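In what follows, a structure is listed as structure tokens, so that the remarks can point back to it.
The values are calculated or read from the model by the stated rules, or taken from the named source; none is laboratory data. Given the structure is predicted, the values throughout are model-derived calculations rather than measurements. Cβ placement follows ideal geometry from the backbone for every residue including glycine, while neighbour counts extend to all protein chains displayed. These area figures cover heavy atoms from the full protein model, side chains too; ligands, DNA and RNA do not enter into them. Shrake-Rupley method; radii C 1.70, N 1.55, O 1.52, S 1.80 Å.
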Amino acid sequence: MKIHEYQAKQILIRYGVKIPEGKVAHNSPEAYEIARQLGGTVAVKAQIHAGGRGKGGGIKIAKSPDEAEEITRKLIGSKLVTPQTGAEGRVVQCVLIEEGLNIQREFYLGIVIDRSRQKPVFMASREGGVEIEEVARKSPDLILKETIQPGIGLQSFQARKIAFGLGLDAKVIGKAARLMSALYRAFEETDASLVEVNPLVITEEGELYALDAKMNFDDNALYRQPEIVQMRDFLEEEPPEIEASRYRLSYIKLDGEVGCMVNGAGLAMATMDIIKMAGGSPANFLDVGGGANLEQVKNAFRILILDENLKAVLINIFGGIVRCDVVAEGVVQAVKEVGVKVPVVVRLEGTNMEKGREILKDSGLDFLVATDMADAAQKVVQAV
């Protein structure tokens, strides 16, 4: 789950992280009033669930309340296209108006999960304000990393090591180390999967501020984070993703033409790979999980075909806990109820696969049954 910059800052300030003074505006008169109260130069920052807002024109500097009002009028309701939104962009619903700061230096700080080590890793770089992926590609030696032991947390010596590695002045080393410890506490206690401050700035007055903030959270832990769940912005999510979450299904929208229904994330990855190898492109994937029932399968298929770009569907199921006959029954019922207009290729393997294939055959519907994954990929690409 993702949240907006202003929401991430609301969380971080509770842990003692300094942020610029500011408020959210949902229209231009609100922006004028906030800018007037703050006085001086302000930043007007579009709030969407994507990075690269500056490159897309979503972050502007206003030197007066009138200018802040004008910028807000143009941003709200507009479609902001950034390197992370894709060509379709995101509609701006609100902006964050913040005070201007006397910035001396900028840095990058971030905490992510290192899947290979199965531990959190604290990253830092002197290249603040730049996308960390770009820094990693061009100058990987500029990224400092400290692996954190779960259950022990970020140690003070690690925080100070990072601070010294960033070349900070001695007078701010202690402040920086305390800020890093605060970031890690926020990461751990909110069940975050990502905390990113880019840039972290040092002002002329020697103060450290999180000028920007990004937080993502582990969906599996949201049951113990009710306050964070309330921050979910459905306007920032694809309708099929929202619908899928209601049935505890995992749905990811992509930009191809082949819809993929699978059971298991590993099988999803393999399915998308083999579609690409066959010359096709996945439009989405929907994971029904290991224990899906008939109703979930029906809803999964109904959600899958909501994609307007869809030209064919590949159902690739390895029956273990979820039985192939249950999947077949769900798909048959869904196709009859919804009235699918695109070809449907089905590959069933595992528990009750023969029974599942019989259900498909006896349905009277025009399914394309595949014998294995390669055959399924070829058939669905040909169908497209």
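Relative contact order for the range 125-179 using alpha-carbon pairs under 8 Å, separation at least 6, rounded to a whole percent?
Rounded, it is 29 percent for the range 125-179.
Restrict the search to the range 100-204; then list the GluC sites (Glu not before Pro) that DSSP places in a loop and that have at most 15 other Cβ atoms within 10 Å of their Cβ.
In loop regions of the range 100-204 (DSSP not H, G, I, E or B), the sparsely surrounded GluC sites (Glu not before Pro) are GLU204.
I'd like the GluC sites (Glu not before Pro) in the range 248-311 restricted to DSSP loop residues with at most 10 other Cβ atoms within 10 Å, sorted by number. Could the numbers behind the result be given before it?
Details: sites: GLU257, GLU295, GLU308; in loops: GLU257, GLU308.
The qualifying sites are GLU308.
Taking a cut-off of 21 Å between Cα atoms, list the lysines near LYS379, but don't count ones fewer than 8 places away on the same chain.
Cα-Cα hits under 21 Å: LYS276, LYS311, LYS341, LYS361.
To make sure I understand the rule: partners must be aspartates and glutamates, Cα under 14 Å from the Cα of LYS2, and not fewer than 8 residues away in the same chain. Which ones qualify?
Partners within reach: ASP191, GLU196, ASP218, ASP219, GLU227, ASP233, GLU236, GLU237, GLU238, GLU241.
Less than 16 Å apart at the alpha-carbon level, and either on another chain or at least 8 residues along: which aspartates and glutamates does that give for LYS171?
Of all the aspartates and glutamates, those that pass the test against LYS171 - Cα under 16 Å, at least 8 places apart if same chain - are GLU204, GLU205, GLU207.
Using amide H atoms built 1.01 Å from N in the peptide plane, name the residues 5+ places from GLY350, or on other chains, whose amide H lies under 5 Å from its own.
GLY319
Restricting to the chain, compute how many DSSP beta bridges are antiparallel as a %, nearest 5.
Percentage antiparallel, nearest 5: 70.
What accessible area per residue, rounded to a whole number of Å², is obtained for the chain using a probe radius of 1.4 Å?
About 48 Å² of surface per residue is accessible.
Using θ = phi - 60° and the Karplus curve 6.51 cos²θ - 1.76 cosθ + 1.60, what whole-Hz ³J(HN,Hα) does each residue of the range 226-234 get, with Gly and Pro shown as x?
Each residue of the range 226-234 in turn: x, 5, 6, 4, 5, 7, 4, 10, 5 Hz.
Of all the accessible heavy-atom surface of the chain, with the other protein chains kept in place and a 1.4 Å probe, what percent is carbon and sulfur?
The computed percentage sits at 49.
Find, among the trypsin sites (Lys or Arg not before Pro) in the range 63-144, those assigned to loop by DSSP (not H, G, I, E, B) with at most 15 other beta-carbon atoms within 10 angstrom.
On the way: sites: LYS63, ARG73, LYS74, LYS79, ARG90, ARG105, ARG115, ARG117, ARG126, ARG137, LYS138; in loops: LYS63, ARG115, ARG117, ARG126.
Answer in residue order: LYS63, ARG115, ARG117.
Rounded to the nearest 500, what is the chain's calculated 222 nm mean residue ellipticity when only DSSP H runs of at least 4 contribute -39500 (n - 2.57) each, over all residues?
-11000 deg cm²/dmol
Any chance you could look up the accessible area of ILE13 with a 1.4 Å probe, heavy atoms only, rounded to 10 Å²?
Accessible surface of ILE13 is approximately 90 Å².
For the chain, what is the Kirkwood hydrodynamic radius in Å, using each pair of distinct C-alpha atoms? Each step should come with its number before you reach the end.
On the way: mean 1/r = 0.0429 Å⁻¹.
Hydrodynamic radius (Kirkwood, Cα only) of the chain equals 23.3 Å.
Quick test of the membrane-span-like rule: which DSSP H helices of the chain reach at least 27 Å along their long axis (C-alpha atoms) with mean Kyte hydropathy at least 0.0? Present the calculation step by step, with values, prior to reporting the outcome.
Working: long enough: 170-189 (29 Å, 0.18).
Helices passing the filter in the chain: 170-189.
Most mobile of GLU238, GLU354, GLU69 per a Gaussian network model of the chain (Cα springs, under 10 Å)?
Fluctuation is largest for GLU354.
Considering the chain as a Gaussian network with a 10 Å cut-off on Cα pairs, which listed residue, LEU211, LEU12, LEU306, attains the greatest mean-square fluctuation?
LEU306
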